[in-house]
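Okay, structure first, notes after.
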Amino acid sequence: MSDPSTNISHLELGDRNETFLDSNELVINMGPQHPATHGVLRVILKLDGEKVLGTECVIGYLHRGVEKIAENRTYAMFNPYVDRMDYVAAVSNGLGYCEAVEKLLNVQAPPRANYIRVILTELNRLASHMLWLGTHALDIGAITPLFYTFRDREEILKIFEKYCGARLTTHAFRIGGCLYETYDGFEKDVTNFLDFVTPKIDEYEELLTTNRIWVERTKNVGKISGKECIALGVTGPVLRASGVRWDVRKAQPYAAYSDFDFEIPIGQNGDTYDRYLVRMAEMRQSLHIIRQAVGKIPEGPIMAKVPKVIKPPVGEIYHSIEAPKGELGYFIVSDGSTQPYRLRVRPPSFVNLQALDMMVRGQLVADVVAVIGTLDIVLGEVDR
Amino acid sequence: MLDYVTSYLRSNTTPGQAGNLLWAFIYIILIFLGLSVAVIAMNWLERKILAHMQVRLGPMRVGPHGLLQPIADAIKLLIKEDIMPAEADKSVFWIAPVLIVITAFTTFIVVPFGPTHAVTDMNIGVLFMLGVSSLSVLGVVMAGWASNSHYPLIGALRSSAQMVSYEIAMGLAVVAAVLMTSLHGIGLYGVAHGAVGDGTLSMIDIVKAQQDQHAWFIFKFFPLGLIAFFIFAVAMIAETNRAPFDLPEAESELTAGFHTEYSGFRWSLFFLAEYSAMIAVSSIAVTLWLGGWLRPFPTWLTGETWDLVFSLFPAATFLLLALIALVGTLRMPKHPYFRVQTLGLAGFAAVLALIGILLLLPPVRDRIQDIYWFSLKVAGFMYLYIWYRGTFPRYRFDQLMRVGWKVLLPVGLGVLILTAIVGVLL
């Protein structure tokens, strides 16, 4: 017992100052069935009273092997599968996949298709952000915004349904363009929706932005700096709220984004409140983009010349787009056959979830819920 | 025997003071029934009002406009399997909800629905009420501990910390109100009034003091009464664990807090206790600051005509409700499927109209008036509870503690001291 290194009890206790009043840490299990983990995320929390000492995320409850499925499907057959990853932003997922394959095939979607893609993707971004706002506010205890956002999201889903027949897993785009021409009155529907939703966003802000409790619950909660974000690969509104001006739509314009004039909202503090403000501003910017696009959809074909059997040349490609939750990338390796040799998805939710532990360490239990909400994860995408 | 029964009716004290046990018992039964009905009604109203705030309809299926939903829920809860965790401390697990319900109901002994409409009037009424209602924290801790599970334990710890710290602010506000009963001072209207009695802790005498001073205490020493009322109004929400202070049962963090492991009948006891406690603290607030059973504008709108007009309010309310139910009946879809519902709603309208007509009769009218105004004020608080729930996010634990100790407590102390100074000087 003279040598401290062989003293087992010393090793176990570490350098904690044990006294007779010492308390033990409490390990509690949050999820996978928990109302605030947005699906089936399981977080093991180590608590000292209310303070979080550390977390461990257990994921995989929704794993379906999407990437493996891709290897056994043709390029066109795999297209609907991507909708099931981030099921609240299915249109964005489809866009990323279609564009990646187009890049591999060296095909350009026609301008009309690109405009339709931009309109639908931005509508989808709105829908995704609305769902985020509702659930995030619900986690923090404000139950009413959820119903407001779901009411308004319904209008977007109606447009999707009219366009392609599906509301959630839309499968709206095809490799090489769009399958469906816009329906009669599409522009009118979209314009009406824009006029309808603009005051609604003010309505959400009225309930929350200056609400004292909301500000106290979100300011300085889950802080993360721009540097840490970059180190962890965190993208999307979380990165931008930390003051990094990175948006794939501006940095590497795809579809028709270079035609539109819009701003990238950024925050300064990288806390939950800034992320909230950034997303709210992004919703307004999306409206701005749609308003520009809907007035000048060019005439012309909606489908590029793509062979019936898609057989991309041997090679590999990485293409990323700005999905509502961050940078969504597809890495496809082609061996010249009709099926991808390997397909890898860079899911923003999965990468952003890494930051959870760093963001909640030293904060309170209630903040874990707020941070999970503010990361805006979708477990379908985390687990794939 | 008959004499024993009727003798009380001619007296003008509460049955407890008159020593009439029979009438005390009758009052207890009435309060118990009234509370149960109020909780059931509150259940329906909360769901409906909250639903309409959230642009949805709320219960619509069970009975017309979901009127029978609370009853269906009650039946479901009663016949549900009552699960007790294997590792739970059996006896404590049982005692906890019972204890909470008992404390919630016991407070109503001293609630004055009218000058004589209370089970009894203690000279320490306020103290009794605060004391008994603060016992409920014991039940919460017991429930959390006995469940032998992490979430309920954290919920119970939060709850006990919260209830204990808000009780202090609450107590200070109450002391300020009690102080006002003995201080003559001036009312809101700048009219100095003659001397009034000594300070009192009796619930009935507090209301009587407001009557004599011609000022509800919320308006007294403006804005001191208002601030004290505000402190109490905040603390009472925290005390009853309702939004935005519903941390102990923050469902997004702790699933259901201290009653996570409870189900069926025992859970329904918690539910009953929560709503009774809400009504109980609202009753204290109404008694201390809003003039209890006194009708509004007692100094401005005086005279026989106004007395008559105000005494017609209860009947008018019920007739209005009957009218609403009647309109609802007429608007029901004309389909054989809805026949039972339509008839039920028509019956409901008829019952409401009957009560309304009954309330028009002068003897009933005079007796029921006090209870009506008291209930109306309490109902206002109930609406506020629902409104808060629909509007506010939830406070975090440390913020809740900060609001309690660093804001409400110092302000409460300041109000108390200022009330004393102002009261003595004026």
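Where a number appears in this text, it was derived from the coordinates with a stated rule and is not lab data. None of the values given here were measured: they were computed from a predicted structure. Quick reminder, even Gly has a Cβ in these numbers, built from the backbone with ideal geometry, and neighbours come from all protein chains shown.
Annotations
- Residues with amide H under 5 Å from that of A:Arg174, placed H, sequence gap 5 or more: A:Leu179
- Size of charge dipole - segment A:211-286 - debye, nearest 20, with Cβ of Lys, Arg +1 and Asp, Glu -1, no other charges: 260 debye
- Average partner coverage of B:48-58, which counts Cβ from other chains inside 10 Å: 2
- Folded to 0 to 90 degrees: helix A:272-295 orientation relative to chain A principal axis, Cα: 0 degrees
- Residue by residue, segment A:69-84 carries 3J(HN,Hα) couplings of 4, 4, 6, 10, 10, 6, 4, 6, 5, 6, 3, x, 5, 5, 4, 7 Hz when phi is fed to the Karplus relation 6.51 cos²θ - 1.76 cosθ + 1.60 (θ = phi - 60°); x denotes Gly or Pro.
- Projecting the Cα atoms of A:Gly226, B:Val55, A:Val360 onto the dipole axis of the protein assembly as shown, where Lys and Arg carry +1 and Asp and Glu carry -1 at the beta carbon, places B:Val55 farthest toward the positive end.
- C-alpha long axis of helix A:186-208 to longest principal axis of chain A, angle in °: 20 degrees
- CD proxy at 222 nm, helix term only [per DSSP H run n ≥ 4: -39500 (n - 2.57); per residue of chain A; nearest 500]: -15000 deg cm²/dmol
- Calculated log₁₀ intensity ratio I(q)/I(0) where the Debye formula runs over C-alpha points of the protein assembly as shown, q = 0.06, 0.07, 0.09 Å⁻¹: -0.51, -0.67, -0.99
- Part-to-part distance (alpha-carbon centres) for segment A:123-189 and segment A:278-331, which is given in Å: 16 Å
- Considered as an equivalent ellipsoid built on the Cα gyration tensor, segment A:232-350 has semi-axes of 31, 22, 9 Å, the largest given first.
- Amide H partners (placed H, <5 Å) of A:Arg346, local residues excluded: A:Gly329, A:Tyr330, A:Phe331
- Taking Cα centre as origin and charging only the Cβ of basic (Lys, Arg, +1) and acidic (Asp, Glu, -1) residues, the dipole magnitude of chain B rounds to 1120 debye.
- Number of Lys-Lys pairs in chain B with C-alpha atoms under 24 Å apart and a separation of 8 or more places or on different chains: 8.
- Three-way shape label, segment A:181-237, alpha-carbon gyration tensor, a/c 1.5: oblate
- Between B:Ile417 and A:Met303, the modelled label-to-label distance comes to 8.2 nm, taking each label 7 Å out from Cα in the direction of the beta carbon.
- Going from the fewest other Cβ atoms within 10 Å to the most, the residues B:Phe221, B:Phe338 appear in the order B:Phe338, B:Phe221.
- Cut-off under 5 Å, modelled amide H: who pairs with A:Val27 long-range: A:Leu47
- Secondary-structure-derived ellipticity at 222 nm for chain B, considering helices only, amounts to -22500 deg cm²/dmol, per-run term -39500 (n - 2.57) for DSSP H runs with n ≥ 4.
- A simple spin-label model places the labels of B:Trp306 and A:Phe196 5.1 nm from each other, with each point 7 Å out along Cα-to-Cβ.
- Scattering profile of segment A:66-383 at q = 0.11, 0.16 Å⁻¹ [log10 I(q)/I(0), Debye over alpha-carbon scatterers]: -0.66, -1.34
- Given charges at Cβ of Lys, Arg, Asp, Glu: the protein assembly as shown dipole, positive-most of B:Thr116, B:Tyr383, A:Ala304: A:Ala304
- Cα centre as origin, Lys/Arg/Asp/Glu Cβ charges: chain A dipole, Debye: 1180 debye
- For segment A:203-239, trypsin sites (Lys or Arg not before Pro) are listed when DSSP marks them as loop and at most 15 other Cβ atoms sit within 10 Å of their Cβ; the list is A:Lys219.
- Gyration tensor verdict on chain B (Cα atoms; rounded if a/c is under 1.5, prolate if a/b is larger than b/c, oblate otherwise): oblate
- Peptide B:385-395, shielding by other chains (average Cβ, 10 Å cutoff): 6
- Karplus (6.51, -1.76, 1.60) ³J(HN,Hα), θ = phi - 60°, over segment B:332-347, in Hz, Gly and Pro reported as x: 5, x, 7, 9, x, 4, 8, 4, 4, 4, 4, 4, x, 5, 5, x
- Listed pairs A:Lys162/A:Lys188; A:Lys103/A:Lys308; A:Lys103/A:Lys158; A:Lys158/A:Lys188; A:Lys103/A:Lys296 exceeding 19 Å between Cα atoms: A:Lys103/A:Lys158; A:Lys103/A:Lys296
- Order of B:Leu247, B:Leu330, B:Leu183 - criterion: other Cβ atoms within 10 Å of each residue's Cβ, fewest first: B:Leu330, B:Leu183, B:Leu247
- Largest GNM mean-square fluctuation among B:Ala156, B:Ala349, B:Ala215, using chain B with Cα springs under 10 Å: B:Ala349.
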